[in-house]
Every structure is written in C-alpha cells, then in structure tokens.
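The values are calculated or read from the model by the stated rules, or taken from the named source; none is laboratory data. Fair warning: this is a prediction, and the values are worked out from it, not measured in the lab. Cβ coordinates were reconstructed from backbone atoms using ideal geometry, including for glycine residues, and neighbour counts include every protein chain displayed.
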Amino acid sequence: MDRNFEEEIVLSGIPAAPGITFGEAFVVYADEMPISSEPIDPSKVKGEIERFEAALNRTREELADLHRALAAEMGEEHAKILDSHIMMLGDELMKEETLETVRNENVNAAYAFSRIIDRTLKAFDKMEDQYLRERSEDIRDVRKRVIRNYFGQKSEGLADIKRKAIIVAHNLTPSDTVGFKKKFVLGFVSDTGGSTSHAAIIARSLGIPAVVGLGDFSSRVRPFDRLIVDGLSGQVILHPKPETEELYRKARDRFHEMEKELLKIKDYPAVTLDGRTIELSGNIETADEVQEVIDHGARGIGLFRTEYFFITRGTLPGEEEQYRYYQNVIRRMAPDPVLFRTLDVGGDKLAAWVEDNVEANPFMGWRGIRFTLSRKDILRTQLRAMYRAAAHGRARIMFPMVSIVDEVRQALAICAEVREDLKRERYQFGEKVEIGIMIETPSAVAMADTLAREVDFFSIGSNDLIQYALAVDRGNSRISYLYNPLHPAILRLIDDTVRAAHKNNIWVGICGEMVADARVRGALLLIGLGLDEFSANAYLIPEIKKIIRSITYDETRALVKKALKKSTASEVAALLNAFIEDKRPELMEFIPRGPV
Ligand code: PEP
Ligand code: MG
C-alpha cells in the first residue's frame, strides 16, 4: 500500500504538553491493544485481505524461525511446544471466517480476526480438559503475533528506540516517559490519560509536545506513518497533506517566536503593576531539569518530585546516594531555595520495589504520606539525606497527600527525631529547614486553619485537589470534561486555603498544573486569590512572569470576587475571557488555540 496517498485524518485529544512536532510514528503495542471496530470503506476490503494474508505469512515465517532456533538450542522435543501455534495458524477455517467477516461486514481484518479468536477462547475456557484449557494461552500468543504483524510492527520496545520518531502508545506510564531518550522522541500521543497524568507532566518537563486521551488512535496508526502532533490545541494529524504541513509549520514558527520573545523578561522580577511580588519557582522530577529551570528565570525549585529517583530503579536508593543527589540540586540552585517533596509513590506512580502495590483504587489508596508513615525506615533515610543536603544551601521539605492532622503531627515528630539523631552523630545539616504540607485533599482544606498552626507553609497540589474535590480521576480521558481548574468549587477551596494560611501568618503556594491547564485565565485567578508563590514547569515560567507583570493585584482581586460567585466553570471562563479581551488584549495569545 502506498502510504503517500492515504487520506488525511484529524483527531482531537487532550493537549498535554505544548509545541508542534512532525515525524514518523513509533508504535508501542500493548499486549492487548484496542482494535478499531469502525467500518472501512468497501474499496479497502481487497487491501485488508492482502494485509491479513501477509500478516499470516510473516507470522508463519517467524514461528518457523523460532522453531528452528529452539530445536538447535534445546532439542526437537522442546521445539514441539510451538507445534500447536503452527497448527492454529494453518487452520483454513479460521482464515476463511476472518476474510468472510471482512467482506460481509466491511470491518478491518485485525478486528474480524480478534472476534473469531475471542469466540474460540470462550469455548476453550469452558473445556473440562486441563490440557486443552491451557492451549488457550497458545491461541492468545498467536493472536498477538498476527496482530503485531498486521500492524507491521517488528518487536521494537520503547527502550530500544533508535530513530527520531513520535511515540504512539495505548498507555504510557510515568516510568516509560522518564526513560525517554530525548534526542529520539519528537513527541508522544496516547489513547488514555489526562492533562495532569504523570506521563503528561514528564512530557512537559522534557519539552516534548504531547497529546493524550485519543481513544483508539494507537490501533489506527502503523509504524512510520507520518504524523503532526499539536500539543497546543490537542490535534493530531495522521497522513497530513502538504498544505496542512505548511499550516502547522507556520504555527510552530509562531510558537517559537513567542517563546523567544517571552524569554527576554526572564531576569526581571515577578511583580505586579501595583507592586505585589510573587515567588516564582520551577517544578522538577529529576536533577537533569535544574538547568532548564534556571534558564527560564525561576528563583528556586518549588516542587522536587523526588519519587522519580526511586521509581526509575529496581531497588531503594540508600542515604548516601540520595544525599549526593539532593546536595547537587541544592548547590546549583543556591542561594535560592529547593523544596523537596518526600516520596510520593502510589496512584499512577509505581515503584518496582514496593511489594503488594496492586490496589483496586490506587489514587485513593496507599500513596504519599500514607505510604511513608507505614514505611518509616524509608522516610527516615530520605529525611536524613534531605537535612544533610540542606547544609549546602537553602532547603524546604513538604509532605504530600495529607488527609488528617495526625499524619502531620507524626511526620513532624519524625523530622525532630531525625534532626536529633544527626546532631548526636555530629553530621552537618540544615537547622533552618521550613516544613510544610501539600493541600491536595478536600479534608485538608476543611482543616486548613488547624493545619496552618502546625507547619511553616502550604503548597496547593491542584492536580490532586481537583481530582478529589470533583471526584474525577485525573488520568481518565473519558471524564476529562469534568476536570476543570476554573470550576468555582476549586476556586472556593483555594480561597479557603489561602485565608487560613494568611490568618496564621504562613505563606501559601501552588505547585499543581492549574496554570499549565488554564493558562492565562488560571494565572489571573491565582494572583487574585492571593497566592504567595507559584511553582510550574520551566517552560511556563516566562509566561506566568509576563502575566504577573502585566496586571495589578487589585484588578485580579476584583475578578476573583466575581468568579467566586459564579455557578459554573464556563461562566468563570467567560468572565475571564471578557476581561482579557477588554482590558488586556495582549494576553489573548496565551489562551490556547489551534493552528489557524
Ligand atoms: C498535585 O497533585 O497537584 C501535585 C503537584 O502533585 P503530583 O502531580 O505529583 O501528584
Ligand atoms: Mg499530587
């Protein structure tokens, strides 16, 4: 099939990391990948049949090779395990049935084949005979091989990517993305996920354009298919026409121009027109990102997601290893502060060394401070390393996922013990480390006045706060329409938190992706809500600075007063749009738009 003549397809997903990129697909196939059941054009039936027959032939050759290799290495007897696979592939009835389904129902062959195999599997599962029941695994394996060949995939895994490409996957985990080799990965798209799922956050940190929540896209793309990914508008174009490429090239150039323009103010202070200064810092997942944060003009790290150091390795890092790692970041940022978050595993961030980490409701489960308080050995080691590293600059420490006051009291007691131990053991350590908590659960907001008396600061984790307050899984694309940072419920929760903090004379920041999601509209509200600090991905820092410098605090307070009285997120958005259009038209360009 000549791919140059394939029809252009435009799909809309959820914009996950900004930027526009062009390239060929590198398709990562999940074991059980979704296969499109959409009808195909009758003119494509012949091509489908040829493609399916070719897939069967390729699978047959592959199995024959495997059979020969097994026989040579382990003897004929062992190679016999492949006999049933080979027999199944030769089953004329199965092949005929597949082809007939394609012809009669105008569906693609992968779908037809899968349906027939599913029926066979159901029949096998009911069999009394254990030997026959176990053959169902062989059938599943044959299906996987045929479908992989149908999509023309060799057996490339994400780890061995060696060509510049756009990653297309059904689902990507945070550890998949953290292992991306930046020089090869031009962009990524996935069927699942939301804008604040951790894979999206990593893409943003790496500066890789990404779109998530694309439904069954990965089953429609073949390796080397040409793609455009627009992480600004959330559009993905498969087999783009030359004129579409041209349009997007212009949009990409405009985007780069704007980025360059914004960088000109990177060394200016983040202060409003009427003189309110806001601390502007960067979020990082790994130490490699420190330079990006500095280059974009942040004054410190406002969220160091230390768990990535733990989840990218098979075993737990010890105190010395962590100490060296943290110390390096502190030294590079000095005299600006580094805010370490203690280990936040759980939810969608799983570490291989955590036993029993499979849960029915992981986001409601064993994560954040719940995990570290039940594994005090891990927490103590991490705190020791952080306090020791703090001797080399300015450090802050905070605890994630707090839902009850007792957790904070326990964590503070452990911090005190750690300091005592270090003193007794004559270690150098930071004596003036501020200790804070993340406000991520509705119960923490409700108890904010009590919590504010226990700690030195709050940092609002809006990604989780939105997910828990609106009861919407942040990684589920099906219900992502509910995930809205402009929802008045969210604004009220932030307002309550800020009031409680200020009443108790502590500072309060935000480190969630609210600005990344709502851009200028989110920033205006957060300024008016009275936040003292913003922490965001490096690429967003110049934009936030520009917004802070273009506005008076008084104007934003007036806006917030009105927004808090609105009933819906769209009413809040309309209020902000009207304000921007009327009073600050130069900020219009930060409202996310498509290429035209
Ligand atoms: C948050 O929940 O807003 C946050 C910053 O933490 P994370 O995204 O790592 O859960
Ligand atoms: Mg969180």
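What residue, among those in the range 476-512 that are closer than 22 Å to residue 436 by Cβ and assigned to a loop (DSSP other than H, G, I, E, B), is nearest to ligand 1 (Cβ to nearest atom)?
The qualifying residue nearest to ligand 1 (Cβ to nearest atom) is 512.
Just checking, which of 360, 416, 385, 391 is among the small types (Gly, Ala, Ser) and in contact (Cβ under 8 Å) with a residue 40 or more places away in the chain?
Among 360, 416, 385, 391, only 385 is among the small types (Gly, Ala, Ser) and in contact (Cβ under 8 Å) with a residue 40 or more places away in the chain.
So residue 363 clears everything in (1) modelled with pLDDT under 95; (2) not in a helix (DSSP H, G or I) except one condition, right? Which one?
The one condition residue 363 does not meet is (2).
Just one of (1) away from ligand 2 (no atom under 16 Å from the Cβ); (2) under 30 Å from residue 261 (Cα atoms) trips up residue 317, so point out which.
(2)
Suppose the filter is touching a residue at least 24 places away in the same chain (Cβ under 8 Å), more than 16 Å from ligand 2 (Cβ to nearest atom) and not hydrophobic (A, V, I, L, M, F, W, C); does residue 409 pass it?
Criteria met by residue 409.
What pairs can you find where one residue is in the range 554-581 and within 25 Å of residue 276 (Cα to Cα), the other is among the charged types (D, E, K, R), and their Cβ atoms are less than 7 Å apart, with a gap of 6+ or different chains?
554/274; 564/492; 564/495; 572/566; 573/521; 575/562; 575/566; 576/521
In the range 503-525, what residues are within 16 Å of ligand 2 (Cβ to nearest atom) and not hydrophobic (A, V, I, L, M, F, W, C)?
Answer for the range 503-525, where residues must be within 16 Å of ligand 2 (Cβ to nearest atom) and not hydrophobic (A, V, I, L, M, F, W, C): 509, 512, 513, 517.
Touching a residue at least 24 places away in the same chain (Cβ under 8 Å), within 16 Å of ligand 1 (Cβ to nearest atom) and surrounded by fewer than 17 Cβ atoms within 10 Å (Cβ to Cβ): is that true of residue 312 in this structure?
Yes, satisfied.
Inside the range 51-93, can you point out the residues that are at pLDDT below 75, under 18 Å from residue 138 (Cβ atoms) and not in a helix (DSSP H, G or I)?
Correct list: empty.
One residue is enough: does the range 281-288 have a residue meeting the conditions without any contact (Cβ under 8 Å) to a residue 40 or more places away in the chain, surrounded by fewer than 14 Cβ atoms within 10 Å (Cβ to Cβ) and of a type outside the set (Ser, Thr, Tyr)?
Within the range 281-288 (the criterion being without any contact (Cβ under 8 Å) to a residue 40 or more places away in the chain, surrounded by fewer than 14 Cβ atoms within 10 Å (Cβ to Cβ) and of a type outside the set (Ser, Thr, Tyr)), the answer is yes, since at least one residue qualifies.
Taking the range 416-445, which residues are in contact with a strand residue (DSSP E or B) (Cβ under 8 Å, 6 or more places away or on another chain) and away from ligand 1 (no atom under 16 Å from the Cβ)?
Passing the criteria: 430, 433, 434, 435.
State which residue is farthest from residue 376 (Cα to Cα) when the search covers only the range 393-415 and only residues that are in a loop (DSSP other than H, G, I, E, B) and within 15 Å of ligand 1 (Cβ to nearest atom).
403
Kindly check whether there is at least one residue in the range 324-333 that is within 15 Å of ligand 1 (Cβ to nearest atom), of a type outside the set (D, E, K, R), surrounded by 17 or more Cβ atoms within 10 Å (Cβ to Cβ) and under 21 Å from residue 291 (Cβ atoms).
no
Within the range 507-517, identify whether any single residue is among the charged types (D, E, K, R), touching a residue at least 12 places away in the same chain (Cβ under 8 Å), buried (at least 18 other Cβ atoms within 10 Å of the Cβ) and touching a helix residue (DSSP H, G or I) at 6+ places or on another chain (Cβ under 7 Å), and answer yes or no.
Yes, the range 507-517 contains at least one residue that is among the charged types (D, E, K, R), touching a residue at least 12 places away in the same chain (Cβ under 8 Å), buried (at least 18 other Cβ atoms within 10 Å of the Cβ) and touching a helix residue (DSSP H, G or I) at 6+ places or on another chain (Cβ under 7 Å).
So that you can scan it fast, the table gives a plain yes or no per residue for (1) surrounded by 22 or more Cβ atoms within 10 Å (Cβ to Cβ); (2) of a type outside the set (Val, Ile, Thr); (3) touching a helix residue (DSSP H, G or I) at 6+ places or on another chain (Cβ under 6 Å):
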residue: 526; (1), (2), (3): yes, yes, no
residue: 552; (1), (2), (3): no, no, no
residue: 568; (1), (2), (3): no, no, no
residue: 582; (1), (2), (3): no, yes, no
residue: 589; (1), (2), (3): no, yes, no
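In the range 335-382, what residues are more than 13 Å from ligand 2 (Cβ to nearest atom), out of contact with any Gly (no Cβ under 8 Å at 6 or more places or on another chain) and within 17 Å of residue 325 (Cα to Cα)?
340, 378, 379, 380, 382
Which one of the conditions (1) polar (S, T, N, Q); (2) under 30 Å from residue 193 (Cα atoms); (3) more than 13 Å from ligand 1 (Cβ to nearest atom) does residue 381 fail to meet, given that it meets all the rest?
Failing condition for residue 381: (2).
Just the residues that are among the polar types (S, T, N, Q) and within 15 Å of ligand 1 (Cβ to nearest atom), please, taken from the range 446-475.
459, 462, 463, 467 - these are the residues of the range 446-475 that are among the polar types (S, T, N, Q) and within 15 Å of ligand 1 (Cβ to nearest atom).
All but one of (1) of a type outside the set (Lys, Arg); (2) away from ligand 2 (no atom under 16 Å from the Cβ); (3) modelled with pLDDT under 95 hold for residue 500; which doesn't?
All conditions are met except number (3).
Based on this model, can you work out whether residue 345 counts as more than 21 Å from the chain's Cα centre (by Cα), surrounded by 15 or more Cβ atoms within 10 Å (Cβ to Cβ) and either within 21 Å of residue 418 (Cβ to Cβ) or hydroxyl-bearing (Ser, Thr, Tyr) (or both)?
Answer is no for this residue.
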